[in-house]
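Encoded as structure tokens, the structure appears first; notes follow it.
FYI, it's all coordinate maths here, none of it is from the lab. In this text, all values refer to a predicted model and were calculated from it rather than measured experimentally. Note that each Cβ is placed from the backbone with ideal geometry, even for glycine, and that neighbours are counted across all protein chains shown.
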Amino acid sequence: MSTSGGNRAIVAALLANIGIAIIKFIAFLVSGSSSMLAESVHSLADTGNQGLLLLGGRKSRKQADVAHPFGYGRERFVFAFIVSIILFSVGGVFSIWEGIEKVSTPHPLENPWIPVIVLVLSIVLEAFSFRTAIRESRHVRGKESLPTFIRHAKAPELPIVILEDFAALVGLTLAFLGVGVTIITGNGVFDGISTLCIGALLVLVAVVLGIETKSLLVGEGAGPGDLAAIRDAINAHPDVEALIHIKTLYLGPDELLVGAKIAFAAKKKLVDVATAIDAVEASIREAVPVARVIYLEPDVYRPASDGEALTESIIIKGAD
């Protein structure tokens, strides 16, 4: 669901940004507005962003091989990181540089009403893309707020598109104000100031996305709800005496690795232990469907002696 919904939002944003970039660049050539140039670069960067996200999704579907036994699911994290840092930062830095130059050497706009018409059309197209991204995110985030969803989502595409479209709408509003005040006052400095604000906005969004995608690249485990469901599924089996240790890791947005050491009775037969482990694995997958790679190590629970430090988190069934 996250992949298909993310792709619909990406394609909608891609088509919108291609059209917006073309009309913005034409408006810049006709008017000479620096904020229109900054917005043109912004839309071109967004178009490249969506292309990279689609490429990352395609590469992530490659089958696991000897070199990558856990598959290529993290390709989506890598390309999301490239999007958040390189393209957004390039767009932001360029806009800041263009704004500084326009403020230091302002000049009046030519055919000033053309940028206004273009900005209005761009706002309509960006609003359509933003609405599509919000609508698709509802299928994934449920009752979560948008900020919480952006912070905790494991699939990076929808959060990136949402932030891109939000930044684009704010940037277009800033450009509209800058062009409007420049038309009213005849002072091109305001156009440069709006360009500086657009650049600062892009850099800010790049930092936010960079922080979130870096966390995914470093490796995130299951959230509290999924972790509790996995623990309950393990402890629910009658042959399991204790959950000694558990670790989880997202191998990709839709694939969770679970490793756990669980205690069985010391006199339990090997065949019975193997049967119990198979049943526990099935229970985990039923409770948390993204838990696709599961390694369970059987052990015997031995309470630590006095003065011996425990190095593993032991959860005994029935204990408070």
Once normalised by the length of the chain, the mean sequence separation of its alpha carbon contacts under 8 Å that are 6 or more apart gives a contact order in percent of 20 percent
Fraction of alpha-carbon pairs in the stretch 2-218 farther than 29 Å apart, rounded to whole percent, equals 28 percent
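List the trypsin sites (Lys or Arg not before Pro) within the stretch 35-96 that fall in a DSSP loop (any state other than H, G, I, E or B) and whose Cβ has at most 16 other Cβ atoms within 10 Å. Don't jump to the answer; show the numbers that get you there.
On the way: sites: 58, 59, 61, 62, 74, 76; in loops: 61, 62, 74.
Those that pass, being in a loop and sparsely packed, are 61, 62.
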Low-density loop GluC sites (Glu not before Pro), the stretch 235-296, at most 12 other Cβ within 10 Å, DSSP non-H/G/I/E/B, are none
Other residues with Cβ under 11 Å from the Cβ of residue 50 give, with Lys and Arg +1 and Asp and Glu -1, a net charge of -4
Going from the fewest other Cβ atoms within 10 Å to the most, one would list 113, 97 as 113, 97
Listed by chain and number, the lysines with an alpha carbon less than 21 angstrom from that of residue 102, same-chain partners under 8 positions apart left out, are 24
Under a Gaussian network model of the chain whose springs join Cα atoms within less than 10 Å, the largest fluctuation of 66, 90, 189 belongs to 66
Among the stretch 158-172, those whose backbone N falls under 19 Å of a label point 7 Å along Cα→Cβ from residue 127 are 162-172
Summed over the other residues with a beta carbon less than 14 angstrom from that of residue 73, with K and R at +1 and D and E at -1, the charge totals +2
Taking 145, 60 and counting other beta carbon atoms within 10 angstrom, the fewest-first order is 145, 60
Largest fluctuation, 153, 242, 175 only, Gaussian network model of the chain with Cα springs under 10 angstrom, belongs to 242
Charge tally for neighbours of residue 131 with beta carbon under 15 Å away, counting Lys, Arg as +1 and Asp, Glu as -1, is -1
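What does the helix-only formula give at 222 nm for the chain: each DSSP H stretch with n ≥ 4 adding -39500 (n - 2.57), the total divided by the residues, and the result rounded to the nearest 500 deg cm²/dmol?
That comes out to -22500 deg cm²/dmol.
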Answer in debye to the nearest 20: the dipole magnitude of the chain about its Cα centre, from +1 Lys/Arg and -1 Asp/Glu charges placed on Cβ, is 460 debye
Note on the chain, DSSP bridge orientation, antiparallel percent to nearest 5 equals 60 percent
Restricting to aspartates and glutamates and to Cα separations under 12 Å from residue 269, and discarding same-chain partners fewer than 8 apart, the set is 239
Of all trypsin sites (Lys or Arg not before Pro) in the stretch 131-205, the ones in DSSP coil with at most 10 other Cβ atoms within 10 Å are 143
Beyond 24 Å (Cα-Cα) in this structure, taken from 214/247; 62/143; 62/214; 59/214; 154/247; 214/261, we find 62/143; 214/261
